[in-house]
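Chemist: Take a look at the following structure, please.
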Amino acid sequence: MAKSFFSRLSGIISIQFFGLASLLLVTLLVDIRHNREGTRDMAVSVARTTAGEELLFRNYFCDTALYRKVTDAVIPDPGPASFRDREIRAVDGAICTLVEPLRLLADVHQAASGETLIQAAIKTLQPRDAGETPDSWEKKALAALQAGQSEVSEFVEQEGAPSLRFMIPVHVTHGCILRRPDLNLKEGDLLGGVSVLVPMALFEEGWAVHDRSAFIAHGLLLLLGMTCIGWTSVLLRRRDTALHESSRQIRKSRDELDKTFDAIGDIITIQNDDMRITRINRAGCAAFGGSEQDIVGKYCYEVFRGIMSPCPGCPELQAFAEKRIHSAVIEHENLRRSFAVSAAPIVGDNGEVVGLVHCAKDITENLSLERQLRQAQKMEAIGTLAGGIAHDFNNILSGILGFTELARAQLPPESPVVGDLTQVLQGCGRARELVRQILTFSRRSEQEYHPLQAQSVVKEALKLLRSGIPANIEMRQRIDESCGQIIADPSHIHQMVMNLCTNAYHAMRDKGGVLEVALDPVELTDVDVQSKIVLAPGPYLRFTVSDTGTGMETTVLERIFEPYFTTKGKGEGTGLGLAVVHGIVEGIGGTITVYSEVGRGTTFHVYLPVVEVDRSSGVEAAGPVQIPFGTERILLVDDEEAVIMVEKRILASLGYQVISFTDCAGARDAFLSAPQNFDLLLTDMYMPGMTGEDLVAAVREIRADLPVLMCTGFSERMTEERARELGIGRLMMKPLTFIELARAVRAVLDGKDGNNGAAGSLEER
């Protein structure tokens, strides 16, 4: 405020300074102008006086007879010779002639021409000689006099110098008529005019004196005024400089605050005591899609919630009431975002709340990460549980499967018990497959993209899914066995099938319906690509999931692949299922199309690119099952008595010599006592005390060439890569059938799967 006052005062002083200078300059110019005009008036007055004197002399001489002796310089009167008393004789006898008045005046002016700068002459309309003949200006002046003007004056340049030309009329008098009867003059007629030339140089000295005085006086006034104004300006400028610096610091601080206010990524508003927004930062404008001018003046709840009254439990109301900061987490329905809101009261000098600062931090991503973390922890727990169950369950199945096969092998084919045992074996197979599917579903391994037959993975997923589908939903599947291979992670394809089918049967769980799943090869053409599918033309696998559920509206259809978007009730879904599917398909290089009609159902088409694989190696022709036998010595180790018993009997029936142990320490001691007495180590992985991995390492220190076959119910630690590092010939997953165990033992002994340190692949069934 003070700065503004002194700035205006400084401006006023500057205006006064220039005003004073301008005023003095104007008065100086006016004074000089008036001096010039007065001088001109004086020149006209001098000319008028001179002309009047000249006219007076002329009239006097016209009425008076004046004679002069006739000499060489004095010529007779040019008047008519008959003029009475033209010549007279003087007393001394000299002849005197009558002198004409105009010539007399001309002689007088000629005699005084060197003594005065003012020139006067009478010019006539009927000149008799050069002296009476008017020049061009005088002709114009005479014409003006003839027109009735009383006098004529004009300032002109005469011989390069400013001069005044002046003329008054000369009229015919009685004396003129008497002297010149030959001209037929009438008294009162215009005879000519008295012409006066006044050089303005006569007044230059007066001008110079006056101008010097005026300049000095005005200069002194200007100097005095400048001194006063300048000193005042210096004093005020000092104060203005100090105030300007203070103002600059204030502006700088304000700019920094404004920039900081707008740089904050959270939504910040300043509100008055009526909850009307008085200011909002850039993040707030961006969030609500309007300018500051559009938002300022509106109620907070009008902008944030689109309602016309405060929300129950609003932290702002609590901040107003309790005069302290209040916070809350709100869900913004329009923006579909979650915000951590805090309201801090602004307290005035009187201790009352005059407004508040409202801050809304978008925590949608944080909540999303928390949900993902909880989901990951849940999946981790499920995976751990599944691994433990699989390990124990596979060990149990190993005994059931092995003893059942042994029992069936001892019965004649026509025995009715054989059929019962066959049913038991089939149940064991389904149980083994179920465990494998559980492990596949809960697998958390790194992505492993490799060529695979999608139809096998789809079938496995559908088997696992079928048991969880309600009875009122009919499930139909159509899998084309001629589908080519794709490059993908099997667990991803498994998850894609599970998510799409789960989403489909959720849409029909209330009223039932038909869930149809299909997998078939298609060839996309240019027409397909241009019309609806954003892919290059070529061969693809088309995976289709259709339901006859409720269908989706267009607004929902546009957002189904957004993370955490869901139309299900709270606790019924995370909104990640279709988003995960979309990510999997995009990662493989495919695409998804969706068609949905409200009340009719929804159809998803997933297009996955087919890859060409080398089939030149061919496939061995199918033939009778060959059971390999042997006579080698096998060191068998497993902590399960049932597994030891069944595997020992199977191997013994095949001709092998088997020494078994239920702990690794005993097996190690037996091996160390006679390393050359064993041709193969067949061991479990996880056992109390010493693990199978530790046993393999101890054996390898003595005999690096000893073939090793490892069987495990489940192990995340023991992978194919780890098995190769340890020199394990083959890593097998329990339970093993009779033929699987026989072939695996024979293959490792024969070195087909990498004997003496070369490892094969994990047996997949």
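The values are calculated or read from the model by the stated rules, or taken from the named source; none is laboratory data. In this text the structure is predicted, and so the values were computed from the model without any measurement. Cβ placement follows ideal geometry from the backbone for every residue including glycine, while neighbour counts extend to all protein chains displayed.
Chemist: What pairs come out if I take residues in region 38-58 that are farther than 11 Å from Ile168 by Cβ and pair them with residues that are surrounded by fewer than 17 Cβ atoms within 10 Å (Cβ to Cβ) and modelled with pLDDT of 80 or more whose C-beta lies under 6 Å away, six or more apart or interchain?
Modeler: Listed pairs, sorted by first residue: none to list.
Chemist: Check Gly666, Gly655, Gly689 and return the single one that is among the small types (Gly, Ala, Ser) and touching a Ser or Thr at 6+ places or on another chain (Cβ under 7 Å).
Modeler: Sole residue among the options that is among the small types (Gly, Ala, Ser) and touching a Ser or Thr at 6+ places or on another chain (Cβ under 7 Å): Gly655.
Chemist: Considering every residue within region 360-381, establish whether at least one is among the small types (Gly, Ala, Ser) and within 30 Å of Met275 (Cα to Cα).
Modeler: yes
Chemist: Same structure again: Being in contact with a Lys or Arg (Cβ under 6 Å, 6 or more places away or on another chain) and either surrounded by 16 or more Cβ atoms within 10 Å (Cβ to Cβ) or of a type in the set (S, T, N, Q) (or both) is true for just one of Phe714, Phe678. Which residue is that?
Modeler: Phe678
Chemist: So Pro127 fits all but one of (1) within 19 Å of Arg40 (Cα to Cα); (2) surrounded by fewer than 18 Cβ atoms within 10 Å (Cβ to Cβ); (3) not small (Gly, Ala, Ser); what number is the exception?
Modeler: (1)
Chemist: Another question, then. Hey, can you tell me all the residues within region 136-175 that are in contact (Cβ under 8 Å) with a residue 40 or more places away in the chain, touching a strand residue (DSSP E or B) at 6+ places or on another chain (Cβ under 8 Å) and over 16 Å from Lys123 (Cα atoms)?
Modeler: Phe155, Gln158, Ala161, Leu164
Chemist: Is at least one residue of region 198-207 outside any helix (DSSP H, G or I) and surrounded by 14 or more Cβ atoms within 10 Å (Cβ to Cβ)?
Modeler: Yes: region 198-207 contains one or more residues that are outside any helix (DSSP H, G or I) and surrounded by 14 or more Cβ atoms within 10 Å (Cβ to Cβ).
Chemist: Assuming Asn503 fulfils every condition listed in (1) closer than 28 Å to Arg432 by Cβ; (2) in contact with a helix residue (DSSP H, G or I) (Cβ under 6 Å, 6 or more places away or on another chain) apart from one, which condition is it?
Modeler: In the conditions (1) closer than 28 Å to Arg432 by Cβ; (2) in contact with a helix residue (DSSP H, G or I) (Cβ under 6 Å, 6 or more places away or on another chain), Asn503 misses (1) alone.
Chemist: Sticking with this structure for a sec: More than 52 Å from the chain's Cα centre (by Cα), at pLDDT 80 or above and either over 30 Å from Ser150 (Cα atoms) or part of a helix (DSSP H, G or I) (or both): does that describe Ile216?
Modeler: For Ile216, the condition - more than 52 Å from the chain's Cα centre (by Cα), at pLDDT 80 or above and either over 30 Å from Ser150 (Cα atoms) or part of a helix (DSSP H, G or I) (or both) - is met.
Results for (1) in a loop (DSSP other than H, G, I, E, B); (2) surrounded by 23 or more Cβ atoms within 10 Å (Cβ to Cβ), shown as yes or no for each residue.
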{"position": "Gln626", "(1), (2)": "yes, no"}
{"position": "Thr631", "(1), (2)": "yes, no"}
{"position": "Asp639", "(1), (2)": "yes, no"}
{"position": "Arg649", "(1), (2)": "no, no"}
{"position": "Ala670", "(1), (2)": "no, no"}
{"position": "Thr683", "(1), (2)": "no, yes"}
{"position": "Pro688", "(1), (2)": "yes, no"}
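Chemist: Can you spot a residue in region 426-436 that is surrounded by fewer than 16 Cβ atoms within 10 Å (Cβ to Cβ), touching a helix residue (DSSP H, G or I) at 6+ places or on another chain (Cβ under 6 Å) and either at pLDDT 75 or above or in the same structural domain as Pro521 (by TED's automatic domain parsing) (or both)?
Modeler: Within region 426-436, not a single residue is surrounded by fewer than 16 Cβ atoms within 10 Å (Cβ to Cβ), touching a helix residue (DSSP H, G or I) at 6+ places or on another chain (Cβ under 6 Å) and either at pLDDT 75 or above or in the same structural domain as Pro521 (by TED's automatic domain parsing) (or both).
Chemist: Can you name every residue in region 305-329 that is closer than 20 Å to Ile363 by Cβ and modelled with pLDDT under 80?
Modeler: Those that are closer than 20 Å to Ile363 by Cβ and modelled with pLDDT under 80: Arg305, Cys311, Gly313.
Chemist: Continuing with this model, one more query. Please enumerate the residues belonging to region 347-378 that are over 20 Å from Leu317 (Cα atoms) and touching a Lys or Arg at 6+ places or on another chain (Cβ under 7 Å).
Modeler: Asp362, Thr364
Chemist: Do the conditions hold for Ser368, that is, is it in contact (Cβ under 8 Å) with a residue 60 or more places away in the chain, over 30 Å from Thr712 (Cβ atoms) and part of a helix (DSSP H, G or I)?
Modeler: yes
Chemist: If we scan region 490-504, do we find a residue that is without any contact (Cβ under 8 Å) to a residue 60 or more places away in the chain and of a type in the set (S, T, N, Q)?
Modeler: yes
Chemist: While we're looking at this one, here's another question. Please state which one of Gly383, Gly387, Gly355 is among the small types (Gly, Ala, Ser), touching a residue at least 40 places away in the same chain (Cβ under 8 Å) and part of a strand (DSSP E or B).
Modeler: Gly355
Chemist: Show the residue pairs that are 6+ apart or on different chains and have beta-carbon atoms under 7 Å apart, the first residue being within region 314-332 and surrounded by 13 or more Cβ atoms within 10 Å (Cβ to Cβ), the second being part of a helix (DSSP H, G or I) and hydrophobic (A, V, I, L, M, F, W, C).
Modeler: Matching pairs, first to second residue: Glu316/Cys300; Ile325/Ala319; His326/Ala319; His332/Phe304.
Chemist: May I pose another question? Checking Val748 against (1) outside any helix (DSSP H, G or I); (2) modelled with pLDDT of 90 or more; (3) touching a Lys or Arg at 6+ places or on another chain (Cβ under 8 Å): exactly one of these is not met. Which one?
Modeler: Just one mismatch for Val748, condition (1).
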